[in-house]
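Computed from the coordinates by the stated procedures, all read-outs in this text should not be read as laboratory data. Please read these numbers as outputs of a predicted model, since none were measured by experiment. No Cβ is skipped: glycine too gets one built from the backbone with ideal geometry, and neighbour counts run over all protein chains shown.
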Amino acid sequence: MNCEFITSDMPMPSCMLFPKTLVALSISNIAKIMYCLILDAVLNFGIKDENGTLFVYFPLSKLAANISKCIMTVGRYLNELEKAGLIMRIRQEFGKPNRIYVLVPKKEN
């Protein structure tokens, strides 16, 4: 990989948002990366539900490809994120993908 030093006029590559509150959470690093991927998808391609809340359809196969893991591993990390209260998955009709809502951790005093 060719790398160069950052200069003041250098265009930056596209980046994902990584909330600082994730650093202190006791979840796996891959779960944190998945949260950032899902958050990025919601911010860029989110769909409004009937209440105006954004959600995304993110197929397991696409998530697995993005983090280079198998679908079963992705399922475990999604469960980890759900248990931590960072996402909420809403099941749809049979054969339709789940809605994934991203929950943002509140700042602690």
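Which GluC sites (Glu not before Pro) in segment 44-109 sit in a loop by DSSP (not H, G, I, E or B) and have at most 11 other Cβ atoms within 10 Å of their own Cβ?
GLU50, GLU93, GLU108
Please list 3J(HN,Hα) in residue order for segment 96-101, calculated via the Karplus relation 6.51 cos²θ - 1.76 cosθ + 1.60 where θ = phi - 60°; whole Hz, with x for glycine and proline.
Computed from phi, the couplings for segment 96-101 are 9, x, 5, 7, 10, 9 Hz.
At 222 nm, what value in deg cm²/dmol follows for the chain if DSSP H runs of at least 4 each add -39500 (n - 2.57) and the sum is divided by all its residues, to the nearest 500?
Dividing the helical sum by the residues of the chain leaves -11500 deg cm²/dmol.
Please identify every one of the chymotrypsin sites (Phe, Trp or Tyr not before Pro) in segment 38-109 that sits in a loop by DSSP and has no more than 10 other beta carbons within 10 Å of its own beta carbon.
For chymotrypsin sites (Phe, Trp or Tyr not before Pro) across segment 38-109 that sit outside H, G, I, E and B with at most 10 neighbouring Cβ atoms in 10 Å, the list reads PHE94.
Across the chain, how many lysine pairs, 8 or more positions apart or on different chains, have C-alpha atoms separated by under 28 Å? Please give the number.
26
Whole Å is fine, so just give me how far the alpha carbon centre of segment 10-51 lies from that of segment 61-97.
Taking the Cα centre of each part, segment 10-51 and segment 61-97 sit 14 Å apart.
Run the numbers on the chain and let me know its relative contact order in percent, using alpha-carbon pairs under 8 Å that are six or more apart.
Here the relative contact order equals 24 percent.
Which value in Å does the Kirkwood hydrodynamic radius of segment 21-102 take, with 1/r averaged over all unlike C-alpha pairs and then inverted?
Hydrodynamic radius (Kirkwood, Cα pairs) of segment 21-102 is 13.0 Å.
Search the structure for amide H atoms under 5 Å from the amide H of ILE87, placed 1.01 Å from N in the peptide plane, and list their residues when 5 or more places away or on another chain.
Residues meeting the criterion, in which the H sits 1.01 Å from N, are GLU82, LEU103.
Sort CYS15, CYS3 by Cβ crowding within 10 Å, fewest neighbours at the top.
The most exposed by this proxy come first: CYS3, CYS15.
What angle do you read, to the nearest 10 degrees and between 0 and 90, between the alpha-carbon axis of helix 71-83 and the longest principal axis of the chain?
For 71-83 against the chain, the angle is about 80 degrees.
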